[in-house]
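Everything below concerns the one structure shown next.
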C-alpha cells in the first residue's frame, strides 16, 4: 500500500478531497478509516457516492486497515487514508501501519474542545494523540487545501498551551 496522504478531516470526502487532493496526488483508492463511520450505513453510502469517478472508496475499521496494510494485493495501490480523529490514527500506527506525515484538514468545534486554528479544534485526548504521533517522528501538519502552506500543528498546540 502506497500511502500518499493520511488526513484527519471530520468532513471526510468533500469537494477539496474529492477533486484537488485526489487529482494532485494521483490517488487510486480512498480508505475511510473509522469505527463510527462503519456503523452508519447511510454515511457509508454517501461517502462512496461522493468519490470522484474511477476512484474506489472503502469504509473500514482501524483493525481492517492494520490487517490489510501489508497485503500483497494492495502493494502498488496509491491510497489516501481519511480519519475523523487522531485517536484512530494512533491505533493504526500502534498496529504497524507506517506513516511519515498526517495532514489535519478540519476538526470541528464541539463542547470541551479548544480552537488551535480557525478550522482545527482539539480536546485533551486529541492533543495527547498528536504528541504520541509526533514523538514517533510523524510530521503533523495542517492545511485545508493542498495549495495552502503547511503549518506545524504541534507548534500551534505548544504556542496555545491548551492542556
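Values as computed for the structure displayed
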quantity: Candidates 118, 68, 26, ranked by Gaussian network fluctuation over the chain, Cα under 10 Å, top entry; calculated: 118
quantity: The chain: most fluctuating residue of 73, 65, 133 per GNM, C-alpha cutoff 10 Å; calculated: 73
quantity: For the chain: relative contact order, % (alpha-carbon pairs under 8 angstrom, 6 or more apart); calculated: 27 percent
quantity: Gaussian network model of the chain, Cα within-10 Å springs - most flexible of 52, 62, 41; calculated: 41
quantity: Share antiparallel - DSSP beta bridges, the chain, percent rounded to 5; calculated: 15 percent
quantity: Euclidean distance between Cα centres, region 123-146 to region 5-45, Å; calculated: 18 Å
quantity: Of (1) 58, 36, 31; (2) 48, 30, 29; (3) 43, 31, 30, the label for Cα extents along the principal axes in Å derived from the coordinates; calculated: (3)
quantity: Structure-based [θ]222 nm, the chain - -39500 (n - 2.57) summed over DSSP H runs of at least 4, per residue, nearest 500; calculated: -8500 deg cm²/dmol
quantity: Prolate/oblate/rounded call for region 48-111, Cα gyration tensor, a/c under 1.5 rounded; calculated: oblate
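Rule-based calculations on the coordinates, nothing more; no lab input. Since this is a predicted model, take the numbers as computed values, not measurements.
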